[in-house]
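Working notes, beginning with the structure itself.
The values are calculated or read from the model by the stated rules, or taken from the named source; none is laboratory data. None of these values were measured; they are calculated from a predicted model. Cβ: placed from backbone, ideal geometry, glycine included. Neighbour counts: every protein chain shown. For accessibility, only protein heavy atoms count, side chains too; no ligands or nucleic acids. Shrake-Rupley method; radii C 1.70, N 1.55, O 1.52, S 1.80 Å.
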Amino acid sequence: MSDAVDEILGQWARERPDMDVWPMGIIGRIKRLSRIVDRELKDFFAGHGLEQWEFDVLATLRRSGPPYTLTAGALNRAAMVTSGAITNRIDRLAAKGLVERVPDEQDRRSVRVRLTERGRALVDEIVGLHVANEARLLSSLSPERRTELAGLLRDLLDSLGDTSIR
């Protein structure tokens with residue numbers, strides 16, 4: 001089976017037979033896949049009145065466990081955005097009543113972000129549907145191929161230094 005990336009590789013082989021362009025095959029497919037997955041997830045979350053980043057913040061708080069609070073810094077590291085961006089995101093989620101800022105009980109100078117009951121109900125309602133949607137996106141792969149792909153991607157991420165969410 002041939003795809004658009006194979007066509008690009010063939011064009012390079014024709015134009016530059018002296019150059020081995022194998023990395024373009026992998027990176028090109030990762031980039032194309034990323035665009036498709038981003039579009040699918042954007043559409044899914046829009047159908048639930050959310051942006052993807054909103055779900056990511058809510059899900060990060062939810063999976064942190066009771067009392068579903070994190071510092072803005074911890075959310076920032078999990079989201080891999082600038083501190084200004086995470087402040088903006090927290091403000092927008094707070095305006096929707098999905099999170100709230102609360103004083104840190106151990107350090108009164110610090111503020112934590114807490115998932116509200118409304119935010120928790122929303123993430124709990126959507127997370128199962130989200131997992132089912134992701135399973136749909138991967139349904140063409142057998143369980144063995146999914147395990148293999150997950151391992152390969154983990155190895156690649158590890159080799160590039162992406163080893164932790166914190």
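Structure above, values below:
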| quantity | calculated |
| --- | --- |
| Helices (runs of 4 or more DSSP H) fully within the range 1-79 counting 3 or more residues that are open to solvent by less than 80 Å² (accessible area, probe 1.4 Å) and under 18 Å from ALA132 (Cβ atoms) | 22-46, 52-63 |
| Single unsatisfied condition, SER139 versus (1) at negative phi; (2) at pLDDT below 85; (3) open to solvent by 30 Å² or more (accessible area, probe 1.4 Å) | (2) |
| Matching residues, the range 102-123, being open to solvent by less than 70 Å² (accessible area, probe 1.4 Å), part of a helix (DSSP H, G or I) and touching a residue at least 40 places away in the same chain (Cβ under 8 Å) | GLY119, LEU122, VAL123 |
| Top-ranked residue of the range 80-101 - restricted to ones that are more than 24 Å from GLU125 (Cα to Cα) and not in a helix (DSSP H, G or I), ranked as modelled with the lowest pLDDT | MET80 |
| Pairs where the first residue, in the range 46-58, is more than 10 Å from VAL123 (Cα to Cα) and without any contact (Cβ under 8 Å) to a residue 40 or more places away in the chain and the second is open to solvent by less than 60 Å² (accessible area, probe 1.4 Å) and among the aromatic types (Phe, Trp, Tyr), C-beta under 6 Å, 6+ apart | GLN52/PHE45 |
